[in-house]
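Have a look at the structure below, then the notes.
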Amino acid sequence: MIELEGLTAAGALEQLKKYGPNTIPEERFNPLAIFLKKFWAPVPWVLEIIFALEMTLGKFGEAWIIFSLLLFNAILSFFQEGRAKKALIALKQHLDVQARALRDKQWKLISAKELVPGDVIRIRMGDIVPADVKILAGCLSIDQSALTGESLPVEIVEGNPGYAGSSVKHGEAFANVIATGKHTYYGKTAEIVRLAKAPSHLERTIFQIIKYLVAFDLILVFSVFIYAAHEGLPFSDLIPFSLLLLVASVPVALPATFTLATALGSLELSKQGVLVSRLSAIEEAAAMNVLCLDKTGTITKNSLEVASFHCFSKYTKEDLFSLASLASEEATQDPIDLAILMASKNNASSFSKAEIIEFIPFDPERKCSEAVIRYANQKFHVFKGAPRELIKDPDLCKEIDKLAADGSRVIAVILKADQVEPVGLIALNDPPREDSKKILQELSSLGIRLLMITGDDAATARAIAEKVGLGIRILSRDDLYKNSQIEILDADIIAGVFPEDKFEIVSRLQKQGWICGMTGDGVNDAPALKKAEVGIAMSNATDVAKASAALSLTKPGLTDILEAIKTSRRIYQRMLTYTLNKIIKTLEISVLLSIGIILINNLIISQALIVFLLFANDFLTMSIATDRVSYSQKPEQWNIKKLIFVGVVFATLILCFSFFAFFSGEKFFQLSIFEIRTLVFIILVFTGQATVYLVRERHHFWKSRPSNWMIASSLFDLGVVSFLAINGYFMAPLHASLVFGLFGCVLFYFVVIDFIKVKFFKIGRTNASM
């Protein structure tokens, strides 16, 4: 045995000062700073400018309404933060264990926090590896599932590294500490998790919408000011009007509506077993066009089963499994032992009645387990383990190669009495889930490119891919790093990768313009899960992986991923309805009010009614988040230019009606300026209600029933506005026959537009790219 030195107490103290405690530094979060950042984004910027101008002009009522909307959006967003903090806390807890260290040539039990590089520690079965170490003497079989998500134990011998957070299944060893705290594999993972951030496509989308709408309104406002200067109209009336026109163009309710829609979607998914930790991922999942899938535990069952076997000489299948079961132990929960014990239940032979005299658990150094049995009044030794350690005959080794050709793990069983007799070979593999093939086909039919990522070799990966209907084009880890410009999606499988390589894969896919989903379950998967737009932690995932992911599954397999995608695409359809409605209404309001000033040399709606109009419209549009809609058969990405084009087409059709109603009120009904303002207000409310139902589906509006909340919101809006207009509250009164007549005309005209809409979408297929 080698001589162990260890550290002195003084040397350990010096190392502790140099490297710090064996813990992961906890990042400090300032809740106030996080909250204040919610006011630093495109929508808040515009509203803050308008708020300041309203206060300057003394329009305090309108100003505080704007401030209330700002505050509401900020509070909603604030409560969705903190996922990275939870991930770091979970990582830190994994290192809070005890360790046996050699200090001053005496073995002492100390807190793992006090370990430093250079310490010599003793690790044995049942321990958690407290730091990154190098084995000095001995041999260990360690479970790295908390780190990698892979359930099979890994054998490490003298000279090999072991990583913090792993648990020791068998064996005993002395090891030298080589890294602690933030310098360990765990610690480096924690730092990547802290820095990793999925790109926000939603913020970019909102900014583009605002950019177009505000630019259009500014052109109209500028035109109105030029006209006012020419005609001598007072600027004191136009400045507040211009500000309110800008407010009307900003999709103030868009962030709140998105949040409400995704929150309701989150509640719906939780009932299906999908827990949502980052609401924006629901919207991102609608656009996701590539999904990187872990093989083990995602496509496969993550449990070993007997795939095939080979018996030698006089031994039968029943003999092979009975003897293998005698050298297995259920208490250890070793995956290989459990698979063999399960198979032996249906393959019993006379050996099953043998008496076990002694059982020696799996020894990583000998690479086998051993059972001493009494059978037929004779003493036998049964060995089960690595085939090339137990079988030396070259002819018999050919059978090992045959069974291992598809990536199966091969176990040998030998029997020893007076001489050694090979009994047979058992091939074990992790088979695909029964539903994997069907669900993968459904995911492909939804336009999602699938990429299987595995640490297994190419043969194993190809065998699984063929069984589940994936392609068999393979890239290796070496291929990935030899060429940084390689087109990853030219392959269907990336084999031989380490969990940390997933982060690199996600980063490259995002640079190539893909919206990326990633599944994972281990600690080392956490950076990739957080980096991906849609990180998905599987049901068996570690706490760190779940804290880093946007979605966490509670049931094994892929079914819930499919449901999450369908739900996200329904939410996208609702948001598309809101956005298209907002564009159409902004164009209608801006053009009608601006041209109205030019036509009658006066404001055709009061500032108070504009504010009232915004609330009347948003009351219904917020209920869009509850609407019943169908999901698209392909990934959905925002095409703002096409949205604007569609908005212009429908806004033009609606403006034709609005101007007709306006001229009818002025010329035919001889309404006063105050009555015209009431008329314009109810025109905008009625057409605003109708627009929502016009654009909520690409087919005829009566083909699908809206949600109860939408119907109730419409009835409430129409009822309240009609009552106020007829009775003259906050506006000049109009005769009931005029109000109801206008409503009937709006209904008839929008039925006509609905037929035009269906033809328009059939010809242009515009919805396919929005």
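Fully extending the segment from PHE498 to ILE756, taken as 0.36 nm per residue of separation minus the present Cα-Cα distance, adds 87.4 nm.
Is the range 427-490 rounded, prolate or oblate when judged by the Cα gyration tensor, a ≥ b ≥ c being the square roots of its eigenvalues, rounded requiring a/c under 1.5 and prolate requiring a/b larger than b/c? Oblate. Of TRP702, TRP638, TRP40, TRP514, the order by accessible heavy-atom surface (1.4 Å probe, DNA, RNA and ligands excluded), from most exposed downward, is TRP40, TRP702, TRP514, TRP638.
Taking amide H as placed 1.01 Å from N in the peptide plane, MET518 has its amide H under 5 Å from the amide H of CYS292, VAL534, GLY535, ILE536, each at least 5 places away in sequence or on another chain. These residues, LEU425, LEU341, go from largest to smallest accessible area, 1.4 Å probe, as LEU341, LEU425. For the peptides 344-357, 409-422, residues were scored by their other Cβ atoms within 10 Å and the scores averaged per peptide; the highest-first order is 409-422, 344-357. Shape class for the range 424-543, computed from the alpha carbon gyration tensor (a ≥ b ≥ c): rounded, with a/c under 1.5.
Of the options LEU341, PHE351, SER313, report the single residue whose Cα projects farthest towards the positive end of the charge dipole of the range 264-355 (beta-carbon charges: Lys, Arg +1; Asp, Glu -1). Farthest along the dipole direction, towards plus: SER313. What's the angle, to the nearest 10 degrees (0 to 90), between helix 673-695's Cα axis and the longest principal axis of the chain? Its long axis makes an angle of about 30 degrees.
Dipole of the chain computed with +1 at Lys/Arg Cβ and -1 at Asp/Glu Cβ about the Cα centre; of LEU136, SER707, LEU694, farthest Cα towards the positive end is LEU694. Proximity of backbone amide H atoms, modeled 1.01 Å from N, is registered between VAL423 and VAL413, ILE414, LEU415 at under 5 Å, excluding neighbours fewer than 5 places apart on the same chain. Can you give the accessible area of PHE222, probe radius 1.4 Å, in Å² rounded to 10? About 130 Å², ignoring ligands and nucleic acids. Listed by chain and number, the aspartates and glutamates whose alpha-carbon sits under 19 Å from that of LYS398, ignoring those within fewer than 8 places in the same chain, are GLU389, ASP406, GLU421.
Of the peptides 223-231, 263-271, the ranking by mean beta-carbon count within 10 Å, highest at the top, reads 263-271, 223-231. The count of lysine pairs in the range 273-391 whose Cα atoms are under 23 Å apart, excluding pairs fewer than 8 places apart on the same chain, comes to 15. Carbon and sulfur: what percent of the range 400-467's accessible surface (1.4 Å probe)? For the range 400-467, the apolar C and S fraction of the accessible surface comes to 47 percent. The long axis of helix 607-622 is offset from the longest Cα principal axis of the chain by roughly 30 degrees.
Close amide-amide hydrogen proximity is noted between ILE604 and ILE597, each under 5 Å apart and 5 or more residues distant or on a separate chain (H modeled in the peptide plane; Pro and chain starts excluded). Label sites at THR8 and VAL649, each approximated as a point 7 angstrom past Cα along Cα to Cβ, lie 8.5 nm apart.
R0 = 35 Å: FRET efficiency of ASN639 with LEU36, Cβ-based, nearest 0.05?
Once the sixth-power term is evaluated, E becomes 0.55.
The label point for GLU48 and the one for ILE711, both projected 7 Å from the Cα toward the Cβ, are 4.4 nm apart.
Using just the helices of the chain, give the 222 nm mean residue ellipticity in deg cm²/dmol: DSSP H runs with n ≥ 4 each add -39,500 (n - 2.57), and the total is spread over all residues, rounded to 500.
-16500 deg cm²/dmol
One chain, two ends: GLU487 and ASP457. Fully extended at 0.36 nm per residue, the span grows by 8.7 nm beyond their Cα-Cα distance. Note on the range 641-770: lysine pairs with Cα distance below 21 Å, sequence gap of 8 or more or different chains, count 9. Taking all Cα pairs closer than 8 Å and separated by 6 or more residues, the relative contact order of the chain comes to 13 percent.
The values are calculated or read from the model by the stated rules, or taken from the named source; none is laboratory data. It should be emphasised that the depicted structure is a prediction, and the values quoted were computed from it without experimental measurement. A quick note on method: Cβ atoms are made from the backbone with ideal geometry, for glycine too, and the neighbour counts reach across all protein chains shown. The protein model used for the area step is the full one, side chains on, heavy atoms only, and it has no ligands, DNA or RNA in it. Shrake-Rupley method; radii C 1.70, N 1.55, O 1.52, S 1.80 Å.
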